[in-house]
1. What residue, of Val66, Val93, Val13, is touching a Leu at 6+ places or on another chain (Cβ under 9 Å) and over 17 Å from Ile129 (Cβ atoms)?
2. Go through region 1-35 and give me each residue that's exposed (fewer than 13 other Cβ atoms within 10 Å of the Cβ) and among the charged types (D, E, K, R).
3. Go through (1) assigned to a loop (DSSP other than H, G, I, E, B); (2) under 12 Å from Leu73 (Cβ atoms); (3) of a type in the set (Val, Ile, Thr) one by one and return the number of the condition Thr131 breaks.
4. Does Pro41 meet the test of being within 22 Å of Leu119 (Cβ to Cβ) and at pLDDT 95 or above?
Amino acid sequence: MRTSKIFVTTDAVIFKKIDGINHILFIKRKNDPGKGKWALPGGFVDEGEDLPDAAARELQEETGLVVKDLQQLGAFGKPGRDPRQHTVSVVYVGFADDNAEAVGADDAEEAQWFSVKYLPNLAFDHTDIVTLALEKYKL
């Protein structure tokens, strides 16, 4: 029997209304893979860390945001979704306060809100994740 070498990550789809239009928070990746591309805030789960705590921690580390009541959207684990190794991401959805501001930090070059009508090209399989979130929350 072979020991699995699958890594677990979390990502966060964070919505906010700006001028009555729903926006999603993305970070510009500072490092490869996908350096310079837009992505959802997220990262690897630390040993001994619960999944929602990891999602909240990564969100705060990369954007400065604290969002309460993150809800699990689903898990994404198609082989090849991350070129480094096989990863499974457990994705959470949250809603930021209207006055919430995000600033890129840690391994995020910048953080920016994008209208759900005009989304950027995204790294990894994040377009699939965002599409599911938009469908589920009917935004």
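1. Val66
2. Arg2, Lys5, Asp19, Asp32, Lys35
3. Here Thr131 meets the rest and fails (1).
4. yes
The values are calculated or read from the model by the stated rules, or taken from the named source; none is laboratory data. Just so we're clear, the structure is a prediction, and the values are computed from it rather than from any experiment. FYI the Cβ positions are ideal-geometry reconstructions off the backbone, even for glycines, and counts take in every protein chain you see.
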